[in-house]
Each structure stands twice: as C-alpha cells, then as structure tokens.
C-alpha cells in the first residue's frame, strides 16, 4: 500500500498534488487534540459559536472562486456547479447562524417536578467520513450543525479531494475557530477501524456507498458508537399521464445529469405511464443530445468527466450487463477515459443493474408502466429508500401516495434535493438518521432529561 495520496484533474489526468498519509502517532495526537479542545469549546456560549458561523460565511464568500476551482480541479464537475455548491454552503451556514439557538434551547416539560426540561448537550469528538461528489457541501452539512452544537470534528475525506479537505479546515481556522476544533485526517481505510475504536470518538457520520455503510456500522456497533448513515440511492422519477413535460423537462433532465449523474439523490429510474411514454422518450432523447460536454472550467460546459477513470469503467460495466439482460441503448454508452456519454436505456426491468442498483453516472433507465398504480409499484421495487419524485398535475392524487412512498423524501413536480430547512436522509439500504434542519443538529447531542423537585 502506498504511503501517499496523489490527486489528479480528471479532465486531463494532470497530477495536482501528493500528500503523505498521517502516521498512527500523528493520528493519535490529532485525536487527543480534539478531546482537549472539546472541554473548552463546549463551554463556549452558543451566541459566540453563532458569531463564528457568520465569520465562516464571510471567509467562504471571499474565497468562493478559489474554492470552486479546487472542487472542479480535484473531482471534475463544471465550474458553475462548483460555484453553486459553495453558495449552498453559505446558505447552510446562514441558516444555522439564525436558528441554532432556537434548536438547542432547553425545552420545558410540565410534570410533577418543580422544574423539568430537556437539555441538549454536545457529546464530544465526532468523526465524519465524507465522499468526493460534493466535497464541500457534504462536509459542511455534517460539520456546521455538529460543531455549532459544541462538538469537535475529525474529518476523513475521500482521498481524491484531499485538497478540499485541508482547505475546509483552513476556512474554519481563518474564521477564528480554535485550532483543533475541526481537523482533517489524511489516512487510509485500514487506519479507520482503530480511529473509530478510540474512546475519544463518540459518534460517526458517514456519507458513502451501501458497502461502506455496512462496514462502518459494523465497527461502530461493536464499539457502541452512534452512527448516521447517508448511503446510496436508486431514486425513481415517476411521470403520470398528465405530467407537464414542456414545463418540467429541464428539471427532469437535470435530476439525472447534474454532477455528471454522480449523486445519491439523482433520478435514476424514469418510470413513465404508457399513455405518454413515446412522447416523453422523444423529448428526453433530444434533451440528452443537446447536453454540452467540455472542459469543466468552461462556463458553457453542462457535463464533465466522472471523478475517476475507474468510476467510468464501473458505469460501463453496469450498462453492458443490463444490455446483456435485455436493455436497449437509445443514446450513449460511449466511454473515453473518465468521460461517460449521457446514456438512455430502454426495455429496463427488474433484475438488471440499471433497475436494481445505483449507477453513479449519467445513465437514465426508462421503464414503461401500465398505469398510475403500476408506476408506484415499480418505484417501490428497490432496496434503496432515499427519495422519489412524481410529476403530475393531479396534486390531490399525488398526496394520496405519500403513505405508499417508503423513502426519506417525496418530491412532487420537483427533483429531489437537499435543503438546509428540511431534514435529509433515507430508509432501507439508503441508511438512517437525518442531516440538516432541526433534526440534523440534534443527531449528535445528549438529549438529557433534567428533573428538579
């Protein structure tokens, strides 16, 4: 195993930087530093922590272009999407700056006691294990509520965005957070088990694959550590016969190809009732043909490469396996190194990777449903439960499906997306726990009952 991490620009293959892995001794020192800082940080008033949030937002705004360029260079997404990611992080910080005090205020409960209430106390050092697809947003949506609640953070980021990981730590420090409050660990996967086992680590938040979730949950479970898992998704995009295609086609296309399809909440299975199947397919295909590929740093580029060549190879493998089982290629299925052409598959059915599994790239599986009821049945045939979207003009009919959708989110006439104001998370193989909103800031606190008689 190499003792260094090398980051590259996926569009050209250019080597960006080489980083040495931390030694076990260095890791131990950082973990102990996190514990040491926690005892002072948890005593900092919530008002002061919220003031630091405003400073962090200011620092991030001032360095928006620099951070966006780093995202694009390390994982290949179009620069304009990287800018949007930084803007979303700033909105997140503003949200918790305005609402954290309310979310964490003692909650009075009337009982026979003279006074009884719920106190929300920080738990200590929380480990975040984060993915490369949204290298700033995924970290911030975990870190901002967790650190504002009074915890300290250790971050194990995906190796191909190591520069982003270190940059985020610098942002916290430049904003005035105590050194050691937020720290990056440049470590291998093999080092993670001993890190999780440390008595200092109180909980783990993981955003990643189902496989990674099972592995981390097993280690954490053996050590009685709480986990929040945001894992893969195989979201259905359902179109009923009255869907307004002219109004929502751009949204439907974006739901699949944003970030080159490398999103757990992307629409992956397009389930279309047969009354509009042909019309939808014709418009969907034309929209895919119009997608502009090019340099991620070009403002006109709509889709870039995938983050690594091996990821594009895996997408190709899943598509080819689906074809062997009967799927047909309407458009696409061409790969050039890390680039994978936007692809539409038809004749997709259960038992194919394009139906059963998460394809992490710009591949849309189109499935014909006999009617509305059949469309909901097909959407539910998934081990994942992150989100479902439904396009229809029959809002009351859509409302009646809420209890039939087992996922963590149900969006009507909109693509599934995360929003600071709303809790985010999944069911089934998509994980458990919630990020964002009030629910997110309460995941890593001790919900303590106080009873005074």
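The table below lists the values:
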quantity	calculated
Some residue of segment 406-417 being within 25 Å of residue 232 (Cβ to Cβ) and surrounded by fewer than 14 Cβ atoms within 10 Å (Cβ to Cβ)	yes
Top-ranked residue in segment 268-302 [being surrounded by fewer than 14 Cβ atoms within 10 Å (Cβ to Cβ) and in contact with a strand residue (DSSP E or B) (Cβ under 8 Å, 6 or more places away or on another chain); ranked as farthest from residue 78 (Cα to Cα)]	274
Residue 427 being modelled with pLDDT of 95 or more and surrounded by fewer than 20 Cβ atoms within 10 Å (Cβ to Cβ)	yes
Exclusive hit being touching a helix residue (DSSP H, G or I) at 6+ places or on another chain (Cβ under 9 Å) and either over 21 Å from residue 17 (Cβ atoms) or at pLDDT below 95 (or both), set 164, 125	125
Options 195, 265; residue that is in contact with a strand residue (DSSP E or B) (Cβ under 8 Å, 6 or more places away or on another chain), in contact (Cβ under 8 Å) with a residue 40 or more places away in the chain and not in a loop (DSSP other than H, G, I, E, B)	195
All positions within segment 303-328 that are buried (at least 17 other Cβ atoms within 10 Å of the Cβ), outside any helix (DSSP H, G or I) and over 21 Å from the mean Cα position of the chain (by Cα)	327
First in segment 241-259 and more than 18 Å from residue 387 (Cα to Cα) and assigned by TED's automatic domain parsing to the domain that holds residue 393, second anywhere and in a helix (DSSP H, G or I) and modelled with pLDDT of 95 or more, Cβ under 7 Å, 6 or more apart	241/275; 241/276; 243/276; 245/279; 245/280; 245/283; 249/283; 249/287
Selection status of residue 217, in contact with a strand residue (DSSP E or B) (Cβ under 7 Å, 6 or more places away or on another chain) and either touching a residue at least 60 places away in the same chain (Cβ under 8 Å) or surrounded by fewer than 22 Cβ atoms within 10 Å (Cβ to Cβ) (or both)	yes
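The values are calculated or read from the model by the stated rules, or taken from the named source; none is laboratory data. Computed from a predicted structure; not experimentally measured. All Cβ positions, even for glycine, are placed from backbone atoms using ideal geometry, and neighbour counts span all protein chains on display.
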